[in-house]
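To start, the structure itself, in structure tokens.
The values are calculated or read from the model by the stated rules, or taken from the named source; none is laboratory data. Quantities reported herein were computed from a predicted structural model and do not represent experimental measurements. Methodologically, a virtual Cβ is constructed for each residue, glycine included, from the backbone with ideal geometry; neighbour enumeration extends over all protein chains shown. In case anyone asks, the SASA skips ligands and DNA or RNA and just uses the protein heavy atoms, side chains included. Shrake-Rupley method; radii C 1.70, N 1.55, O 1.52, S 1.80 Å.
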Amino acid sequence: MHNSIKERKLLMFLDTGNILEIARNIKLGIFEGVTTNPTLLLKEKEERFQQINKILEQDINLIFVQIVGDGKEQLKKDYEKIQKINTEKKIGIKVPINRDGLELIYDIKEQDPEQSILGTAIYSADQGILASLAGCDYIAPYVNRMSNNSLDPYRIISQIRTFIDDRGLTTKIMGASFKNSNQVIDTLMAGAHTVTIPPDIVEQMVHKELALSAIQVFHDHEKQLDQWIKR
């Protein structure tokens, strides 16, 4: 990406494992990188690490890969596999915020303070607070999933943001799990530093019927003006 883009802070992330969608949307210049998870990668019908390597070939600065495993030791082994990926691109890891995840985050940050970590599966303010204290670089509150379970995601995001700011922590809130563009805007207004959004939400945000109609009117009037001038 261009240097001017790299210098910007807190660009959005694209939540997908699809190569064509990444190639298409990265051209918008608003995405810092890509977030993935096993569910997204499964959709691509490709071996996990082969698909990750394909994503790394795209024009992105950072990819977050979710570690998987039953218990801390399996999570750690998966992290070590990810560490062996041969690339000059920056690979962050997504760690579920539970006891095993928090313990692993502590171990990783002790060994490699520069490793970028995204605490994921955040459903409450206390989870977000613990993840921030543990040293996560980003945390991902699941907005739509909270709403579906009668939780107020925007209040929770606001509480976490207040805690982070009041204590001078560096953790960034990355809103995730969206079903419409209004949720994205409400999440940012509630205090999230950034968001990770799927390609269909990008389309909702880019293609507004009223805007498209207005643009078409401009084109039509320009043609009429050209015809009038040529008379």
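Results for (1) touching a strand residue (DSSP E or B) at 6+ places or on another chain (Cβ under 6 Å); (2) more than 16 Å from residue 192 (Cβ to Cβ), shown as yes or no for each residue.
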site: 105; (1), (2): yes, yes
site: 118; (1), (2): yes, no
site: 129; (1), (2): no, no
site: 134; (1), (2): no, yes
site: 139; (1), (2): yes, no
site: 144; (1), (2): no, no
site: 147; (1), (2): no, no
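A single entry from 97, 164 fulfils the requirement of being within 20 Å of the chain's Cα centre (by Cα) and free of Cβ contacts under 8 Å to residues at least 40 places away in the same chain: 164. Answer yes or no: is there a residue in segment 143-152 that is surrounded by fewer than 19 Cβ atoms within 10 Å (Cβ to Cβ), in contact with a helix residue (DSSP H, G or I) (Cβ under 6 Å, 6 or more places away or on another chain), in contact (Cβ under 8 Å) with a residue 24 or more places away in the chain and assigned to a loop (DSSP other than H, G, I, E, B). No - not one qualifying residue is present in segment 143-152. The residues on offer are 146, 205, 174, 189, and the sole one that is closer than 20 Å to residue 28 by Cα and modelled with pLDDT of 95 or more is 174.
Filtering segment 87-118 to residues that are closer than 18 Å to residue 34 by Cβ and either assigned to a strand (DSSP E or B) or open to solvent by 60 Å² or more (accessible area, probe 1.4 Å) (or both) leaves 88, 89, 90, 91, 92, 93, 94, 95, 117, 118.
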